[in-house]
1. Here is a list of conditions, (1) in contact with a helix residue (DSSP H, G or I) (Cβ under 9 Å, 6 or more places away or on another chain); (2) surrounded by fewer than 19 Cβ atoms within 10 Å (Cβ to Cβ); (3) not in a loop (DSSP other than H, G, I, E, B), and Ser109 meets all of them except one; can you say which number that is?
2. Where the second residue is hydroxyl-bearing (Ser, Thr, Tyr) and within 7 Å of the ligand (Cβ to nearest atom) and the first is under 26 Å from Ser171 (Cβ atoms) and touching a residue at least 40 places away in the same chain (Cβ under 8 Å) and lies in the stretch 62-75, which pairs have Cβ atoms under 8 Å and are six or more apart or on separate chains?
3. Among the residues of the stretch 127-136, is there at least one that is under 23 Å from Arg209 (Cβ atoms) and touching a residue at least 24 places away in the same chain (Cβ under 8 Å)?
4. All but one of (1) closer than 30 Å to Val147 by Cβ; (2) part of a helix (DSSP H, G or I) hold for Leu116; which doesn't?
5. When you scan the stretch 159-190, how many residues do you find that are more than 16 Å from the ligand (Cβ to nearest atom) and loosely packed, with under 13 Cβ neighbours inside 10 Å?
6. Can you list the strands (runs of 3 or more DSSP E) lying wholly within the stretch 1-98 that have 2 or more residues being out of contact with any Leu (no Cβ under 9 Å at 6 or more places or on another chain) and more than 10 Å from the ligand (Cβ to nearest atom)?
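Readers should treat all values here as calculations from the given coordinates under stated rules, not as data from a laboratory. The model shown is predicted, which means the values in this text are computed figures rather than measured ones. Cβ sites come from the backbone with ideal geometry, for glycine too, and all protein chains shown count toward neighbours.
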Amino acid sequence: MTPGVRLVVLGKQGAGKGTQCVRLSHYYSVPHISTGDMLRANVKTRTPLGLEAQARMDRGELLPDTLIMDMVRERLKERNVSSRGFILDGCPRTVVQAELLQDMLAPSSLDLVIDLEVPTELVLVRIASRRVCKDCQAIYSTSEPPVVKWICDVCGGMVQQRPDDTEEAVSRRLAAYEAETAPLIGWYEDRELLVRLDGVGTPDEVLERSIAAIEARRGTER
Ligand code: ADP
């Protein structure tokens, strides 16, 4: 069996993090931990966390670091995560979160941080056409819809536009990315954990690049 991996994937909204993380989690048989998906599940089931998070998420604002990292800490304690690793998507998103994550993982560490690079003009096009299953979060687009419009191929749920994919919320999210998350690239570079990958191309092409980068890091180049 392929060895597990401890991976963080960075990239601006629409860079393809979610799509790649799902594929990488299948390839390496490790859980895909998406803070956005976890929060949306809480919103859907109207938990106290979901009720607290919803308005800020819909506006495209970041949630407090401690709230996010408490949620991630609990998830990382689960057995399949501690044995094989994880793929973290959407976290860390601030330097404070990165520091807290480092502390949580000590004495171990991440294997690699992938930064998926995609120009802003292209992410705007991708977000405008993105459609997501309300129930299982599977990702589609107007150019690649589910077989039966707009019913999810995976779970039969309703496929629709995300409430925070409006123009106003997207511009707020991209601004938060530049201010809070882009500095993480240098932070991880200083710790020799970062690899920058070209995120332009088909999902399969980007997956190949990601796997090649991970394997190169482990010294088992394909
Ligand atoms: P995107 O990366 O496309 O903006 P996500 O699905 O990753 O979207 O997250 C949706 C929303 O959830 C964010 O806009 C933010 O409000 C909240 N969120 C998710 N992860 C974090 C995080 N690590 N720190 C703060 N807020 C977060």
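1. (3)
2. That search, which allows pairs on different chains as well, returns Leu62/Thr94.
3. yes
4. The failed condition is (2).
5. 2
6. By residue number, no strands (runs of 3 or more DSSP E) qualify.
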